[in-house]
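The values are calculated or read from the model by the stated rules, or taken from the named source; none is laboratory data. Fair warning: this is a prediction, and the values are worked out from it, not measured in the lab. Glycine also receives a Cβ, built like all others from the backbone with ideal geometry; neighbour counts cover every protein chain displayed.
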Amino acid sequence: MLTLLEWFRRLLGTLGSHRRDDDLEEELRLHMELAAEHAARSGASPAEARRVARVHTGGVSQAMDALRDRRGLPWLQSLVSDIVFASRQLNKHRGASLAAILSLGIAIGAATAAFRLMDAVLWRTLPVASPDRLHALGWDAITSQGDRGYRDDFDYPTYRRYRAAAGSRAQIIVIGSASRQDVIIGTETERAIRQYVSGNVFATLGLQPVLGRLLGPADDEEPSRRSVVVISYEYWTRRFNGDPQVVGKTFRWGRNVVEIVGIAPRGFTGTEPGRLTDFFAPATMNTQALNSAGWSWFRIWVRPNDDVSPEQVRESIQTQVRLDRQQTVKNLPGSASGPIISAYLNEQITLTPAGAGVSSAQRTFKRPLFILAALVVLVLLIACANVANLLVAQGSARAREMALRVSIGAGRLRLIQLVLVESALLALCASIVGALFSWWAAPFVVSLLSFQEPVQLVLDLDWRTTLFSLFLTMTVTMLFGLAPALRASSVTPLGAVNIRRDPPANRRLVRSLISVQMAFCLFVIFVSGLFGTTLTNLSNRPLGFDQNHVLVMEVNVRGDKQPPQVWEDVANQIRSLPGVESASSAMWVPLTENRWRTPVAVAGQQPRDEAPYFLGVSPKYFDTMRIGLVAGRDFHIGDVPPALGPDNQPIPGVGIVSEAFARAYFDTTSPVGRLVTVNRDNIAVPMKIIGVVGDAAYYNMREPMRPTVYVPTDARSEAALVVRTSGDPLAVGPSIRREVARVRADFIVTNAATQSAFVQRQLIRERLLSTLSLFFAGVALLLAGIGLYGVLNYAVIRERHEIGVRMALGARASHVVARVTNEMLSPVGIGAVIGVAAGVGFGRLVESILFEVKATDPAAIAMPVLVLAAAAAFAALPPVVRAVHTDPAQTLRSE
Amino acid sequence: MANKAPAKADVLQGTLDLMVLQTLDSMGPQHGYAIAARLEQVSGGALQLNMGTLYPGLMRLEQRGLLKGSWGTTDTNRKARFYALTAAGKRELAREKQAWDRMTAIMQALLRGQA
């Protein structure tokens, strides 16, 4: 307590509220006088008495030194005076400081924004008990086609088996995917995000309700007879205005009236970064799915109980997985392919840490975010190099001042402190600019990630972000400040007398900084070119259908599958609506990453490795999508697909093939009327080709047009209604919805979107990468240009005497230009070469996310080099003009 | 840099506070020279404080709120800065004295035991 008071008073002393020097000196003087009088009393002469007193008391000046140190905090005092001095320096070079602060600020802001995003998507742990013990189940799945891919979706019967297998070793919980649902609160229909969870979820996550109760094991009874939900704190405050009476209220969700029984704790917004869950419903409310094997609709998370390792839990579940697989294989028709079966039997279940949540947004954006973060770091380094150049230039201009400071006794550390304080001040101003920038930029990037389905992230400015910015600012200060500080502090007092304005070491430093800047800059432009070209190529690739004015409604049928005639009736009703041009249905629409493949054989031909795509469509589908009929006819009601009967007997059917199919299987001759066989569960079913249509994209944007077979739709319980409208499709949406609900109460529209939205959604990642990398390329170019300009301009000012002499002696303008620019040509060139090499290497790494562009394309290399060269020339222009216009008479006089 | 107090003064540091506080307690408010003179007298000349030790010490005690300094005049009508104990100073003195007594008792017991 006492020491605290002492430090506080000394702090005040530092800041100026203290006893002044003359006050202290007066006190000491009295002491000396009294001591001298004392000596005089014992008989000394006045002079002798003063000498004795001085020896005895130790002298005024030493005591003053000790008092001054004691009065304030010496190190703080020097720091404060350095800060005052540094801010004067920055103010003196206002333009240069402003440029440095802005460029650093934008770079720091971009880095902070990137960190906030990555943190929110990938790293921030869920606000639950011991998140490090949470794991998500998944497995490397193999399809019947032999494709491999990670899967983490499970059905309820599997959940029951795994739960039994894990027994008391772990808590096994159902984490449903966050999905948009129509709810009716009061009279308003609106969308809310729902997650199904098992009754043990909240207890396992150690969560406590804010109001009411959370879901418990009692809500797990099968099938659930009570319709209860827990709403998130965020939804409670946003939708219900924090109404304390909300518990017990009901709202409609689908066909249920659900009762709100409690509010989840604040900050718990579900388990999927990218989506904020509004309400949690017991998994057992999804009654139809509870006994449906193969209906996968949730993730399974695992929390090993204390003293059980995740591996032990994995093993116990793995045993069950193997048993399940063996059972499935036993029921397969005998002719399934051997290697695929054995791979299937050997599928390994994995436990992935899930403490930061699990979502598809994580999988989609992980790589792009890392790439962008890397680009941001490069931009930041370019900005640092700029500021370092500025400080070196100022440093050599201030060498005289430094030497003077050394000669009056300033230590080397003191000088380093002086320059570092200046850097820190710059960095601090920059980090304020950066904070503002990231405050704007992070939500902006989130809006880029969102298309139709908004990506929702919690972007609070929390201590992690603050800590990160602080760390970044300090690192940056060290990066650009330390070299100039060391250089400035290495002056000797002698140097003050005979100082070289610009030591060679400085020039080397500046030149290598320019090389580095140019290399980074070229790299960023190069990468942005690759991503930009990818986006352009993808957006411009022909799709084979007209995506505009098409509305897609995904429909689930409650109850039995409905035959094609029923679907056709619904389509017919929709056709009669105003604003509708045509309507049809399909199993799904293109570019939704759904696919169905099965081998097709043509009599007299070798079987093929690759199976064509299949899609079940209704009559008029090609009309609606504007896929051209090349030959033959469209489907009619009554056409049947090749299929298997109840006893696996083949039922022949008809199909329409794409031009790519016709080319691949029949070598361009029109195959209308030809017969092929379609493999359905390893039984060959004949199919007659009745028509040929133009090629259309199917699975995703990146695939080339592949052979595709269209067949009439079967009786289905889910399909997509495809509607072409004359105006804005979304405007007609509500009336179509009402019509569907009116005609068939059992048809539930689960999702309505435009076909172009599906196309756009395919391009989110590419658009994000290309937009942001273009932005960073622009910033990098601007910063590198400013840097080059600054260095050249400084060189011209430094050498104006020399230039003046040469011009007086008759040097031509071209000679002057060459002299000014020559020094920078090689660093720019070296930087460009390194940048191209790095860019080509990087291009190889990200080849899989590029489209129809290679890092080694001459155009991909030439474009950034030309852009950089143009920018460098542009930046060099003002200093060169200045050099050429040097007036010899004036410069010579000034020396 | 500023002259650092020699090693001898470091030993003195803890005890100097106690001596100054005790002096002011027994003699009432005093200026710096009087404190030094008193200590020199009591120690029979063994303790000669130079100003570089005494005044920073006084400043430190003042910063800790144990002393209060104010300008006044001496008997010989000179302007001098007088230091007086504050209430906190009195409490601190009592505490320090107790600690000192305990320490000396321990030291004595230890040294006698060894002899």
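Some notes on this structure:
- Just one residue in the set A:ARG163, A:ARG191 is surrounded by 17 or more Cβ atoms within 10 Å (Cβ to Cβ) and free of Cβ contacts under 8 Å to residues at least 12 places away in the same chain; that residue is A:ARG163.
- Residue match in the range B:40-60 (condition: in a helix (DSSP H, G or I), more than 12 Å from chain A (Cβ to nearest Cβ) and more than 25 Å from A:ALA66 (Cα to Cα)): yes
- Unmet criterion (only one of (1) under 19 Å from A:THR271 (Cβ atoms); (2) in contact with a Ser or Thr (Cβ under 8 Å, 6 or more places away or on another chain); (3) assigned to a loop (DSSP other than H, G, I, E, B)) for A:LEU214: (2)
- Residues of the range A:595-609 satisfying the condition of being in contact (Cβ under 8 Å) with a residue 60 or more places away in the chain and in a loop (DSSP other than H, G, I, E, B): A:ARG595, A:THR598, A:PRO599, A:ALA603, A:GLN605
- Among the residues here, A:ASP21 does not qualify as within 9 Å of another protein chain (Cβ to nearest Cβ), at pLDDT below 85 and more than 30 Å from A:GLY790 (Cα to Cα).
- Selection within the range B:83-101 - within 16 Å of B:GLY28 (Cα to Cα), touching a residue at least 40 places away in the same chain (Cβ under 8 Å) and surrounded by fewer than 19 Cβ atoms within 10 Å (Cβ to Cβ): B:ALA84, B:LYS90
- Strands (runs of 3 or more DSSP E) wholly inside the range A:139-205 containing at least 1 residues that are among the acidic types (Asp, Glu): A:179-185, A:188-197
- Some residue of the range A:310-327 being free of Cβ contacts under 8 Å to residues at least 60 places away in the same chain and closer than 30 Å to A:PRO127 by Cβ: yes
- Lone qualifier among A:ALA388, A:ALA424, A:ALA374, A:ALA430 - being part of a helix (DSSP H, G or I) and in contact with a Pro (Cβ under 7 Å, 6 or more places away or on another chain): A:ALA388
- Inspection of the range A:514-530 finds no residue satisfying the criterion of being buried (at least 19 other Cβ atoms within 10 Å of the Cβ), more than 26 Å from the chain's Cα centre (by Cα) and in a strand (DSSP E or B).
- Restricting A:LEU102, A:LEU30 to those that are over 60 Å from the mean Cα position of the chain (by Cα) and in a helix (DSSP H, G or I) reduces the list to A:LEU30.
- Residue check, A:GLU48 out of contact with any Gly (no Cβ under 8 Å at 6 or more places or on another chain), at pLDDT 85 or above and closer than 30 Å to B:GLU62 by Cα: no
- Filtered residue count, the range B:29-39, keeping only those that are in a helix (DSSP H, G or I) and away from chain A (no Cβ under 11 Å): 2
- Taken over the range A:62-105, the criterion of being among the charged types (D, E, K, R), away from chain B (no Cβ under 14 Å) and either buried (at least 16 other Cβ atoms within 10 Å of the Cβ) or touching a helix residue (DSSP H, G or I) at 6+ places or on another chain (Cβ under 6 Å) (or both) is satisfied by A:ASP82 alone.
- Flag if A:GLY59 is facing chain B (nearest Cβ under 10 Å) and either free of Cβ contacts under 8 Å to residues at least 60 places away in the same chain or aliphatic (A, V, I, L, M) (or both): yes
- Each residue in the range B:67-95 was checked for being small (Gly, Ala, Ser), within 11 Å of chain A (Cβ to nearest Cβ) and assigned to a helix (DSSP H, G or I), and 2 pass.
- Looking across the range A:38-56, the residues that are within 11 Å of chain B (Cβ to nearest Cβ) and touching a residue at least 12 places away in the same chain (Cβ under 8 Å) come down to A:HIS38, A:ALA53, A:ARG54, A:HIS56.
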